[in-house]
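See structure below.
The values are calculated or read from the model by the stated rules, or taken from the named source; none is laboratory data. What you see is a predicted model; the values in this text were computed from it and never measured. Reconstructed Cβ throughout: ideal geometry from the backbone, glycine too, with neighbour counts over all protein chains shown. When the accessible area is computed, the model is the full protein with side chains, heavy atoms only, and any ligands, DNA or RNA have been set aside. Shrake-Rupley method; radii C 1.70, N 1.55, O 1.52, S 1.80 Å.
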Amino acid sequence: MGELPLGGLLRSPREVLFGAGTRTSVPAATARLGQRALVVTDPRLAADPATGQLVDGLRAAGLDVAVHDRAVPELPVEDAAALAEEARRHGTDVLVGFGGGSCLDLAKLAAVLLAHGGRPQDYYGEDLVPGPVAPVVAVPTTAGTGSEATPVAVVTDAERATKVGVSSRHLVPHTAVVDPELALTCPPSVTAAAGADALSHCVEAFTAVRRDGDELSGSRVFVGRGVLTDHWALLGARSAAQHLRSAVEHGDDLEARTGMALAALAGGLAFGTAGTAAAHALQYPLGALTHTPHGVGVGLLLPYVVAFTAPVVGDRLAELADALGVPEDRRTGPAHGTVLAVADLLSSAGIPRTLADLGVDEADLPALATASLSARRLVENSPRPFDEHAALALLRAAHAGDLTVGGAA
């Protein structure tokens, strides 16, 4: 069967403001949505003058403002319930997520609990949020998760020994304000991990499974790739290829920061509808085992996943090669050139090349393979069937540094 006719679906915030200096628009955007704002940020950012300026601006706009400055990386699930209770006591009617992906995801989950009650665990999986949630204004200070534009929030659940996602179209923030100046002080290691995550979103969204028109009607949160998400995925991949290394090595380069902010936003718009796949499914248990940043794990795994899917995604890897700027003399077939381009780009930013580099023991691989299958939305989004055998083959390749894992479809 040939390629399906052009079609697609796109979910996005109601408003997106992008560019240097746009953070000054946050107070007005927030005041249009409520009167009592809760700012969700982390301890490092709480001491940054930008946070004080944000809070002062919100108050000057007439809002009653409370600040939660205890968000932590790899968001623990219990923190969302605690924040929702804090929001209820304050009478919060609009949340402002200000920080990295954990800050934004924490605000999004608190918005769910504020509107519908219960525990975060009640909403694990897809499409279990019953209706609209409290409005969220998302202001990222890193360029990676794309959470400012996505219908998902991810938490770490100690009882499950893995990360778990809450996915619902109601989780898309009302407003996204993406100001690349906010990332100018982001440390190189965080910049690299976030950038690897952004690139992974673009690549996995562009190579996700393709579904027909009936399945675009809304029966799934993540519906696979389409013509609309393809546009954002290629834009994001191109921008990451051009700017990731510079952003890591020259953190004060506003052009590089702007390029990576665009890559992250575009990646969020792409995978927020198309979804991601095997690299993210494998990273959930890997992150729980190694306690490494999400972007490091998913970036490490991405070249192997591209190699695995290469036999079934055909000319799409040639399009990716164009976006990544792969020279013609390095294209011994678009698959090979693209795999190496992804691997080299991530390595140049400091992402480890193998699971052995992370200290993973080969004996851990079977358990990781089994655990990766629990994220069904990711498993079902793979363009090539992804079962326990495939997961173990991928992990063994990533442990050994074998980029020929694709084989025959």
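Some points to look at:
- Alpha-carbon spread of the chain, three principal axes, descending order, Å: 61, 46, 43
- Across the range 46-52, coupling constants 3J(HN,Hα) worked out from phi with the 6.51/-1.76/1.60 Karplus curve, θ = phi - 60°, read 4, 8, 7, x, 4, 5, x Hz, and Gly and Pro carry x.
- The calculated FRET efficiency for Leu184 paired with Ala60, based on their beta-carbon distance and R0 = 35 Å, is about 0.90.
- Counted over all Cα-Cα pairs of the range 253-346, pairs farther apart than 15 Å make up 68 percent.
- Cβ charges +1 (Lys, Arg) and -1 (Asp, Glu), total dipole of the chain, debye: 640 debye
- Relative contact order (percent, whole number), the range 223-375, Cα cutoff 8 Å, 6+ residue spacing: 27 percent
- Gyration tensor (alpha-carbon) shape descriptor, the range 64-113, a/c threshold 1.5: prolate
- Assigned charges on the beta-carbon of Lys, Arg, Asp, Glu; the range 310-409 dipole about Cα centre (debye): 180 debye
- In this structure the chain gives 37 Å² per residue of accessible area when probed at 1.4 Å with all protein chains present.
- Close amide H contacts of Leu128 (hydrogens built in the peptide plane, cut-off under 5 Å, sequence separation of 5 or more or a different chain): Ser167.
- Element breakdown for the range 70-217 at a 1.4 angstrom probe: carbon and sulfur atoms account for 54% of the accessible area.
- Calculated [θ] (222 nm, deg cm²/dmol) that DSSP helices of n ≥ 4 give over the chain, each run adding -39,500 (n - 2.57): -15500 deg cm²/dmol
- One Cα centroid belongs to the range 130-174, the other to the range 10-57; the line between them spans 17 Å.
- Estimated FRET transfer efficiency (Ala356, Ala115; beta-carbon r; R0 35 Å; 0.05): 0.20
- For the range 1-126, the residue among Gly8, Val94, Ala82 whose Cα projects farthest onto the positive side of the dipole built from Cβ charges is Val94.
- Karplus (6.51, -1.76, 1.60) ³J(HN,Hα), θ = phi - 60°, over the range 190-199, in Hz, Gly and Pro reported as x: 5, 4, 5, 5, 5, x, 5, 5, 4, 4
- Residue-wise HN-Hα coupling along the range 169-179, computed from phi with Karplus coefficients 6.51, -1.76, 1.60 (Hz; x: Gly, Pro): 4, 6, 7, 4, x, 5, 9, 10, 10, 10, 10
- Average Cα contact separation per residue, the chain, under 8 Å, 6 or more apart, as relative contact order %: 16 percent
- Cα-based shape type of the range 309-408, given that a ≥ b ≥ c are square roots of the gyration tensor eigenvalues and the cut on a/c is 1.5: oblate
- Estimated Rh, the range 48-89: Kirkwood, alpha-carbon pairs, angstrom: 12.0 Å
- The range 210-305 shape via C-alpha gyration tensor axes, a/c threshold 1.5: oblate
- Accessible area of Thr404 (1.4 Å probe, protein heavy atoms only, ligands and nucleic acids ignored): about 110 Å².
- Peptides 254-267, 356-369 ordered by average Cβ neighbours within 10 Å, highest first: 254-267, 356-369
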